[in-house]
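The values are calculated or read from the model by the stated rules, or taken from the named source; none is laboratory data. In this text, all values refer to a predicted model and were calculated from it rather than measured experimentally. Reconstructed Cβ throughout: ideal geometry from the backbone, glycine too, with neighbour counts over all protein chains shown. To get the accessible areas, we keep the full protein, side chains included, count just its heavy atoms, and leave off ligands, DNA and RNA. Shrake-Rupley method; radii C 1.70, N 1.55, O 1.52, S 1.80 Å.
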Amino acid sequence: MSPTVEQHAENWDLRHADFNDPDFLYDVYTVMRGNSPFARTDNPFLSATPSGAWVAVRYAECVQILQDWEHFSSSPTPEGAEQLAGDLVITLDPPRQQKFRKVLNPYFSPARMKALRHEIAAETDDLIDVFIESGSGDLAEVAWRQPGIVFFKYLLGMPVDDVPLCVELTDTALNGATEEARMGAWGGLYQHLHDAVTARTAEPPRDDMIDVLLSAEIDGEKLAFGDVVSNAMLLVQAGLETTASAMSFAYHYLATHPAERDRLIAEPDLLARAVEEFIRFAGSIHGIPRTVAKEVELSGCTFSPGESVIVNYASANRDEEQFPEAARCILDRRENRHLGFGAGVHRCLGSNLARLEFQVGLERVLTRMPDFTLTAGAEAKFHGNSVTRGFRSVPVTFTPAARTR
Ligand code: HEM
């Protein structure tokens with residue numbers, strides 16, 4: 001018999017098949033938040049912790065943890081550190097972490113993003129062209145391919161043909177059925193990036209992120225080759241599934257809420273706020289761990305060095321104390337200090353890119369297929385791994401229209 005909501009709340013396991021029903025998962029979070037600011041899990045992910053981990057589930061404590069890197073470090077536990085092949089911006093603490101960010105930051109500047117708007121629209125249009133004349137198609141194909149194509153082609157400097165393989169390897173690495181499958185996929189992805197970066201060392205520079213990592217110096221020293229490959233791998237993982245999952249959620253939501261879809265078409269100025277609300281509501285990332293560096297007390301709970309605490313952004317983003325009517329997706333929500341992009345020193349580096357891809361992705365679909373709805377009798381497929389969660393198919397029907405080219 002499947003565990004009840006209360007049983008799941010006692011021992012949260014994001015990999016459990018029951019959670020392929022996203023509403024059920026959020027019911028579990030409601031119970032977890034009601035019980036205590038900190039829940040437990042015997043099944044931590046991303047950083048190995050044999051004795052299990054705490055899970056911060058309320059908004060206030062999540063923000064405090066994210067802002068207190070001196071007690072809640074991003075370094076993995078010793079068991080987790082064995083799995084890392086290099087220094088990653090996301091698993092370092094300041095001051096070194098800030099130096100890594102400085103290397104990558106210029107690539108995500110608002111000016112650079114603004115200059116990409118036209119290319120992103122053209123790439124999105126190409127994906128819509130594949131099915132626009134037929135009157136039916138799968139919007140998950142747009143959501144899952146657009147961020148990868150944009151990031152690989154215009155920023156990272158990897159062949160776009162590699163996108164499907166990288167998505168598949170990332171997915172298996174995070175959610176493969178066995179430890180062997182997961183480790184095999186991590187190794188496969190690392191090797192793929194390793195080969196791609198090695199090939200680039202023999203080529204002239206092209207002003208992309210791989211070049212920037214290859215030539216970067218921190219404290220007067222070039223990055224180790226392993227650090228270059230590992231950070232490229234982090235960017236691939238961070239840049240593909242996150243935006244894709246959130247965008248697939250938005251397409252599904254609008255395909256099943258035609259009045260909301262029509263409102264966004266009638267009031268395009270709402271798009272920016274709607275994107276923020278989709279990111280709060282979709283929960284494309286549910287949790288990232290921190291390791292306790294020094295004993296600390298928070299909301300009546302004492303944390304000891306070496307313990308792992310998973311910050312559950314998705315649960316925090318549905319906390320009624322912070323978001324009135326948190327369980328409703330309110331496209332024109334005004335006060336929306338969501339944690340979808342994290343907070344504190346590790347706040348998402350790619351948020352400007354993600355927002356732009358997302359806005360343009362919505363804009364093009366709403367403009368070119370304004371009456372799209374979920375195809376009657378067809379089923380949208382939701383899939384969550386232990387880090388990213390979204391729709392893998394959103395079959396829609398609409399009035400056929402002409403291709404752009
Ligand atoms: C909707 C899409 C996205 C979501 C929801 C998201 C979410 C997040 C979150 C929650 C963090 C904080 C992790 C932590 O606290 O440890 C983060 C960090 C990061 N994100 Fe994103 N992200 C998105 C898109 C992107 C994109 C498109 C890129 C790059 C192509 C990117 C690159 C990064 C990097 C490099 C970090 C690490 C920053 C650091 O450790 O200082 N993200 N992201």
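Descriptive notes on the structure:
- Sole residue being in contact with a Leu (Cβ under 7 Å, 6 or more places away or on another chain) and open to solvent by 30 Å² or more (accessible area, probe 1.4 Å), chosen from GLU260, GLU295, GLU307: GLU260
- Total residues in the stretch 61-103, condition part of a helix (DSSP H, G or I), modelled with pLDDT of 85 or more and surrounded by fewer than 15 Cβ atoms within 10 Å (Cβ to Cβ): 4
- Screening SER284 on (1) in contact with a Phe, Trp or Tyr (Cβ under 6 Å, 6 or more places away or on another chain); (2) within 16 Å of the ligand (Cβ to nearest atom) shows it passes everything except condition (1).
- For the stretch 377-398, the condition holds for no residue, the condition being that it is closer than 30 Å to ALA111 by Cβ and acidic (Asp, Glu).
- Boolean, SER75 is of a type in the set (S, T, N, Q), within 14 Å of the ligand (Cβ to nearest atom) and closer than 30 Å to PRO305 by Cβ: yes
- Among residues of the stretch 334-349 that are within 6 Å of the ligand (Cβ to nearest atom), those with a beta-carbon under 9 Å from a residue that is part of a loop (DSSP other than H, G, I, E, B) and among the charged types (D, E, K, R) at least six positions away or on a different chain give the pairs PHE341/ARG347.
- Within the stretch 374-405, considering residues that are among the hydroxyl-bearing types (Ser, Thr, Tyr) and surrounded by 15 or more Cβ atoms within 10 Å (Cβ to Cβ), the one nearest to GLN237 (Cα to Cα): THR388
- Selection status of THR178, farther than 25 Å from GLY361 by Cβ, within 15 Å of the ligand (Cβ to nearest atom), out of contact with any Cys (no Cβ under 6 Å at 6 or more places or on another chain) and among the β-branched types (Val, Ile, Thr): no
- Looking across the stretch 350-372 at every residue that is open to solvent by 20 Å² or more (accessible area, probe 1.4 Å) and more than 14 Å from the ligand (Cβ to nearest atom), the one that is nearest to ILE149 (Cα to Cα) is identified as ARG364.
- Scanning the stretch 133-157 for residues that are open to solvent by 10 Å² or more (accessible area, probe 1.4 Å) and of a type outside the set (Phe, Trp, Tyr) returns GLU133, SER134, SER136, GLY137, ASP138, GLU141, ARG145, ILE149, LYS153, GLY157.
- Among the conditions (1) in contact with a Ser or Thr (Cβ under 6 Å, 6 or more places away or on another chain); (2) modelled with pLDDT under 95, VAL236 misses just one, which is (1).
- Only a single item in (1) at pLDDT below 90; (2) not in a loop (DSSP other than H, G, I, E, B) is not met by ARG15, and it is number (2).
- Taken over the stretch 104-116, the criterion of being more than 8 Å from the ligand (Cβ to nearest atom) and either over 22 Å from ILE149 (Cβ atoms) or not in a loop (DSSP other than H, G, I, E, B) (or both) is satisfied by ASN105, PRO106, TYR107, PRO110, ALA111, ARG112, MET113, LYS114, ALA115, LEU116.
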